[in-house]
1. If the requirement is being in a loop (DSSP other than H, G, I, E, B), in contact with a helix residue (DSSP H, G or I) (Cβ under 6 Å, 6 or more places away or on another chain) and touching a residue at least 40 places away in the same chain (Cβ under 8 Å), which of these qualifies: 72, 55?
2. Could you list, in sequence order, the residues of region 152-173 that are surrounded by fewer than 16 Cβ atoms within 10 Å (Cβ to Cβ) and free of Cβ contacts under 8 Å to residues at least 40 places away in the same chain?
3. Quick one: is residue 193 outside any helix (DSSP H, G or I) and either modelled with pLDDT of 85 or more or surrounded by fewer than 17 Cβ atoms within 10 Å (Cβ to Cβ) (or both)?
4. Among the listed residues 20, 94, identify the single one that is at pLDDT below 85, in a helix (DSSP H, G or I) and surrounded by 15 or more Cβ atoms within 10 Å (Cβ to Cβ).
């Protein structure tokens with residue numbers, strides 16, 4: 001028996017994760033994307049200590065003030081410190097991007113697994129429902145969801161999760177359809193394993209790799225969707241800080257306070273770019289046809 005076969009399963013999984021991380025960070029795009037996302041995440045976590053003041057604190061007589069030592073980015077039309085609002089706004093973008101996409105991916109994985117392993121009727125019903133959702137543009141589906149539930153952080157998270165659900169469901173179903181025809185699944189059936197045991201113990205762990213590659217990119221789209229909904233007034237309720245809300249409010253003051261729009265817009269662009277580059281690097285690292293397949 002080889003040394004690899006005698007290695008504990010936990011050690012093999014840890015070694016695979018290390019190979020994946022190494023493969024992602026070895027690519028310039030993956031390293032840049034990881035650095036951008038890590039820096040913005042760190043700034044958001046440390047916002048209470050990095051921000052000069054509270055995001056809703058107002059300073060009398062400092063409406064649309066220029067950048068100073070006390071207010072490095074100046075103030076907005078309500079005399080609130082822009083740097084503080086940018087830092088706290090990052091928390092909302094990251095929360096929506098990560099939490100809601102994780103929820104959508106989790107539900108999509110369950111739907112795709114049941115669709116791929118279920119009967120033809122179940123598969124048809126679930127996939128036609130996903131097709132109906134995919135027929136709507138993401139922003140329109142988000143607007144419809146928020147219009148029904150109302151604006152707010154929780155409602156935005158539900159909307160983004162709802163938008164991402166059919167994408168992950170179809171990805172998971174495609175992987176499951178390939179896996180269920182392999183010999184190890186047939187061997188489990190011959191041994192008398194039940195359907196749920198085969199689904200959860202054998203098929204799902206080996207089918208989820210293709211879904212993982214889409215998490216970072218989907219998080220980028222989730223951040224952009226939250227900013228878009230906030231920009232048109234259907235997102236985070238004032239006075240909560242949000243990059244999309246700041247971009248919407250800054251339109252009337254572009255010549256007076258350009259940093260009001262430039263900074264949140266630039267950070268939004270960098271965060272989405274970083275997540276997309278990170279997702280692309282993960283896809284290449286997990287691609288079975290690639291030369292650096294880290295999941296083996």
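1. Selected residue: 55, the only one of 72, 55 that is in a loop (DSSP other than H, G, I, E, B), in contact with a helix residue (DSSP H, G or I) (Cβ under 6 Å, 6 or more places away or on another chain) and touching a residue at least 40 places away in the same chain (Cβ under 8 Å).
2. Of everything in region 152-173, just one residue is surrounded by fewer than 16 Cβ atoms within 10 Å (Cβ to Cβ) and free of Cβ contacts under 8 Å to residues at least 40 places away in the same chain, namely 154.
3. yes
4. It is 20.
For every residue, the table says whether it meets (1) at pLDDT 85 or above; (2) under 27 Å from residue 108 (Cα atoms); (3) crowded, with 17+ Cβ neighbours inside 10 Å.
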| residue | (1), (2), (3) |
| --- | --- |
| 227 | yes, yes, yes |
| 230 | yes, yes, yes |
| 234 | no, yes, yes |
| 265 | yes, no, no |
| 272 | yes, yes, yes |
| 289 | no, yes, no |
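The values are calculated or read from the model by the stated rules, or taken from the named source; none is laboratory data. It should be emphasised that the depicted structure is a prediction, and the values quoted were computed from it without experimental measurement. Reconstructed Cβ throughout: ideal geometry from the backbone, glycine too, with neighbour counts over all protein chains shown.
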